[in-house]
């Protein structure tokens, strides 16, 4: 493993240790709401501060954009971090959550990692170097029939509920199994690992996808052109699929995939 990936692994594993300690503490994590179903815990802030300090240590002077404390979205080298993706799960003692950390260089994902501390699963990738889960090379699912596929549909409070319901209805009508687990970053990682055939969400923030999109493409999958104008600061729709069902799922969701 090269120095860049080793540093990323060290950072996300250290952050994961903080999350695991808080999750396993005798008192359930206290939380507040930033908006409708938009959870915030003290651990979110503590983890983001830790990640920022570690990036400054390993990569002095490089910019960071975090979910909690923002950042300079115009930087040519930009680290994008979601300290806890799946905060609602974390706050409610459900062990499905992770940290996501990605490096965007001149508008292109260069490297990134997703670490799920309760499962001790590290998903990591570098552009042109493949994607790995705990040291094992990942490949997207070979499933080629909609009737055998599993699609995860993310929900966003920034859109009408009908957007989510339409995705679910169309997927079920096509014969897909549909799930929603509450972490977009892990949803993308699971597509890369071949555990799902697709992940779709009508609107998602950059910090949720800055590692996962790279994982999917490096594992042989397809993603939409997420990084359009203002996507770093304002988010965008996301679609990630395996290769075999890419065209069908693109038509089903109405989200164009990168060609």
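The values are calculated or read from the model by the stated rules, or taken from the named source; none is laboratory data. Small disclaimer: the values here were computed from a predicted structure and weren't measured. Counting neighbours? That spans all protein chains shown, and the Cβs are built from the backbone with ideal geometry, glycine included.
Go through 69, 106 for me and flag whichever is surrounded by fewer than 15 Cβ atoms within 10 Å (Cβ to Cβ), touching a helix residue (DSSP H, G or I) at 6+ places or on another chain (Cβ under 8 Å) and at pLDDT below 95.
After ruling out the rest, the residue left standing is 69.
Show me the strands (runs of 3 or more DSSP E) entirely contained within the stretch 86-132 in which 2 or more residues are free of Cβ contacts under 8 Å to residues at least 24 places away in the same chain, touching a strand residue (DSSP E or B) at 6+ places or on another chain (Cβ under 6 Å) and not assigned by TED's automatic domain parsing to the domain that holds residue 43.
none
Which condition does residue 182 not pass, out of (1) surrounded by 19 or more Cβ atoms within 10 Å (Cβ to Cβ); (2) on the phi < 0 side of the Ramachandran plot; (3) assigned to a loop (DSSP other than H, G, I, E, B), if it passes all the others?
(2)
For every residue, the table says whether it meets (1) within 23 Å of residue 135 (Cα to Cα); (2) out of contact with any helix residue (DSSP H, G or I) (no Cβ under 6 Å at 6 or more places or on another chain); (3) part of a loop (DSSP other than H, G, I, E, B); (4) without any contact (Cβ under 8 Å) to a residue 24 or more places away in the chain.
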{"site": "162", "(1), (2), (3), (4)": "no, yes, no, yes"}
{"site": "169", "(1), (2), (3), (4)": "no, yes, no, yes"}
{"site": "194", "(1), (2), (3), (4)": "yes, yes, yes, no"}
{"site": "252", "(1), (2), (3), (4)": "no, no, no, no"}
